[in-house]
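The values are calculated or read from the model by the stated rules, or taken from the named source; none is laboratory data. Being a predicted model, the structure only gives us computed values, none of them experimental. Please note: Cβ atoms are built from the backbone with ideal geometry, for glycine as well, and neighbour counts cover all protein chains shown. SASA here: full protein model, heavy atoms, side chains in, ligands and nucleic acids out. Shrake-Rupley method; radii C 1.70, N 1.55, O 1.52, S 1.80 Å.
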Amino acid sequence: NAFKSGVKVISHEVASSGIAYIDIGLDVSMISYEDAILLPSLIKLLNEAGTNDKSDAEFRNFVGKVTGGVYATLEVMSVKPDGWEDETKVLPGVHMLTILFIRGKCTIERISALFDVFRQVLSEINFDDSQTILQNSLKSSLSSKKSDVASRGHSFANRRIRGRYSIRGK
């Protein structure tokens, strides 16, 4: 409970030659299942869009100058009751924990700049070009999937079959 704010802070020191690795996790589990399908698009926009005062290219250049990189990811984990050890069975009512992470790294001297980038990513992203960004992303993803199916079709079929056995897999 950092500064009695209700925010959980976990830290640990590692030998990293003066590089700070910082992850900020936001619990987005309250988003309905129907709306959760939009989260990957939000992640794509957080990673590729510009801000209110910088274009996407300008913002990425700025991030590269002041940090070692910043990116957003989505983690989806199933939460099982204490003592439930059988991973092969599907438990009725399994809940999901969905966390949106903003991850970044920088030198110790630039931590304040990294947190400023985090603030900009979370509060100043310009969604005006979102349609173009998502269209380009979809075209790229579709092209990649087409070539992957030809060479690794068995893995797609396996994933689809296994998806029947868990909410997360679905």
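From (1) within 15 Å of Gly69 (Cα to Cα); (2) part of a helix (DSSP H, G or I); (3) out of contact with any Leu (no Cβ under 8 Å at 6 or more places or on another chain); (4) open to solvent by less than 60 Å² (accessible area, probe 1.4 Å), pick out the condition that doesn't hold for Arg103.
(2)
Going by the structure shown, is Lys139 open to solvent by 50 Å² or more (accessible area, probe 1.4 Å), assigned to a strand (DSSP E or B) and at pLDDT 85 or above?
When the stated conditions are applied, Lys139 does not pass them.
When segment 8-52 is examined, which residues are found to be within 22 Å of Ile111 (Cα to Cα) and open to solvent by 80 Å² or more (accessible area, probe 1.4 Å)?
Lys8, Val9, Ile10, Ser11, His12, Glu13, Val14, Ala15, Ser17, Tyr21, Asp23
Restricting attention to segment 77-106, report how many residues are modelled with pLDDT of 80 or more and closer than 15 Å to Val28 by Cβ.
So the count comes out to 6.
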